[in-house]
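Worksheet: one structure, shown below.
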Amino acid sequence: FCRFLADHQHPLYVGLPSNGDLCRSILEMSGVEVLHGQRVTAARRAADGSWSVEAADGGTHTFDALVLATHDAALAAATVGGLDPQVGAAAAAGTDAAAHADVLGALATRLTELRERHVAPAFTLSAHFPPRALSAALPFDGVCAPSSDVIDFLARDASKPGREEKGDGELWTAVSTARFGAACIERCRGAADEKRAAEDLAATGMRAELSKMLAPFFGGDADAVPAPLRAGAKRWGAAFPTATLGIDDDCLSLEPWRLAVCGDFVGGGPTPAEAAAASGLAAGERIAQIFA
């Protein structure tokens, strides 16, 4: 990835044309019906055991089971908090609804805390430069910047397999530090459009920091660093978890309700990406076992 693993002995894979196509392709290969462009606002379990999923456009979809796969624990908290504890009591002999209500309530509370108190924000800067404007001078395609308070990571998109440069120049992506992200959000609190204001502020700060970081490769002059043809920042308010659900499993599996919750905030892992992948695989296995 970004030449960091150039000497790796195993094949490296990347989503084409973008990482966003990975999930879509996997589902299509599996023959699973996919509904695109649906923003889920609520999920409720019906008396017959099916799940009713509500979309922002007012539509409702029904499913036999539910897997909540998201880095945002807010929807999971609302869904778990709305479960009927009687279902758990009926499935587990010798238990009562009160005990299940306590467990479900504690899980919902913890999920809410994770979303409200234990996430680190970040901004991603996408900057398009003239062809070879940076890559001709830089001895790297990707770099971590531990000495910067603004930028945590920088990479040339075309250094990933199958991501050759297009005619409009070379794309570089920078990820901000959590501290810088939080500062931008706080400074723009109360603005008419907080999200847009924070993104504009982050873009300005990250562009200035990028020129400062790359100055040594352009004669020590930050002004000599090529300016991007265009650049913009996107806010990721819940980018990385700073704590986990604290259970001894990669996913939260509630079999009596045919529900599994997965994400990087559940079990944790060496990196958020690995934690999310392991959690998703575990959730799929749990739901598959219900219908085996």
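Values computed for the structure shown
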read-out	value
Among (1) more than 22 Å from GLY181 (Cα to Cα); (2) under 16 Å from the mean Cα position of the chain (by Cα); (3) surrounded by 13 or more Cβ atoms within 10 Å (Cβ to Cβ), the one test that ASP264 misses	(1)
THR177 vs. criteria surrounded by 14 or more Cβ atoms within 10 Å (Cβ to Cβ), of a type in the set (S, T, N, Q) and within 30 Å of GLY82 (Cα to Cα)	no
Pair list, Cβ under 8 Å, 6 or more apart: segment 7-30 residue farther than 16 Å from ALA158 by Cα, other residue in a loop (DSSP other than H, G, I, E, B) and of a type outside the set (Ser, Thr, Tyr)	ASP21/GLY15; LEU22/GLY15; ARG24/VAL34; ARG24/HIS36; SER25/GLY15; LEU27/VAL34; GLU28/VAL34
Near pairs, Cβ below 8 angstrom, 6+ apart or cross-chain, from segment 146-160 (farther than 18 Å from ALA202 by Cα) to any residue that is aromatic (Phe, Trp, Tyr)	ARG156/TRP172; ASP157/TRP172; LYS160/PHE1
Count of residues meeting criterion [small (Gly, Ala, Ser), surrounded by fewer than 19 Cβ atoms within 10 Å (Cβ to Cβ), touching a Gly at 6+ places or on another chain (Cβ under 9 Å) and under 30 Å from ALA182 (Cβ atoms)] in segment 106-140	2
Residue within segment 239-252 that is of a type in the set (Val, Ile, Thr), within 15 Å of the chain's Cα centre (by Cα) and closer than 30 Å to ASP200 by Cα present	yes
Residue that is at pLDDT 95 or above and not hydrophobic (A, V, I, L, M, F, W, C), where the choices are SER159, SER211	SER211
Flag for ASP223 being among the acidic types (Asp, Glu) and surrounded by 13 or more Cβ atoms within 10 Å (Cβ to Cβ)	no
Meets criteria (open to solvent by 40 Å² or more (accessible area, probe 1.4 Å), under 21 Å from SER126 (Cα atoms) and part of a loop (DSSP other than H, G, I, E, B)) for ALA292	no
Residue tally, condition among the hydroxyl-bearing types (Ser, Thr, Tyr) and closer than 30 Å to GLU199 by Cβ, over segment 71-128	4
Residue among ALA73, ALA97, ALA46 that is under 26 Å from TRP257 (Cβ atoms) and in contact with a strand residue (DSSP E or B) (Cβ under 7 Å, 6 or more places away or on another chain)	ALA46
Those residues of segment 236-255 which are outside any loop (DSSP other than H, G, I, E, B) and open to solvent by 50 Å² or more (accessible area, probe 1.4 Å), in sequence order	TRP236, PHE240, GLU255
Single unsatisfied condition, GLU164 versus (1) at pLDDT below 90; (2) in a strand (DSSP E or B)	(2)
Residue satisfying condition, being in contact (Cβ under 8 Å) with a residue 24 or more places away in the chain and either among the polar types (S, T, N, Q) or open to solvent by 50 Å² or more (accessible area, probe 1.4 Å) (or both), within set ARG189, ARG207, ARG196	ARG207
Criterion violated by LYS212 - all others in (1) over 17 Å from PHE180 (Cα atoms); (2) part of a helix (DSSP H, G or I); (3) without any contact (Cβ under 8 Å) to a residue 40 or more places away in the chain satisfied	(1)
Filter result for the condition that a residue is small (Gly, Ala, Ser), open to solvent by 30 Å² or more (accessible area, probe 1.4 Å) and out of contact with any helix residue (DSSP H, G or I) (no Cβ under 9 Å at 6 or more places or on another chain), over ALA78, ALA47, ALA92, ALA69	ALA47
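The values are calculated or read from the model by the stated rules, or taken from the named source; none is laboratory data. It should be emphasised that the depicted structure is a prediction, and the values quoted were computed from it without experimental measurement. When we count neighbours, we look across all protein chains shown, and the Cβ atoms used for this are built from the backbone with ideal geometry, even at glycine. These accessible areas exclude ligands, DNA and RNA; they are computed on the full protein's heavy atoms, side chains included. Shrake-Rupley method; radii C 1.70, N 1.55, O 1.52, S 1.80 Å.
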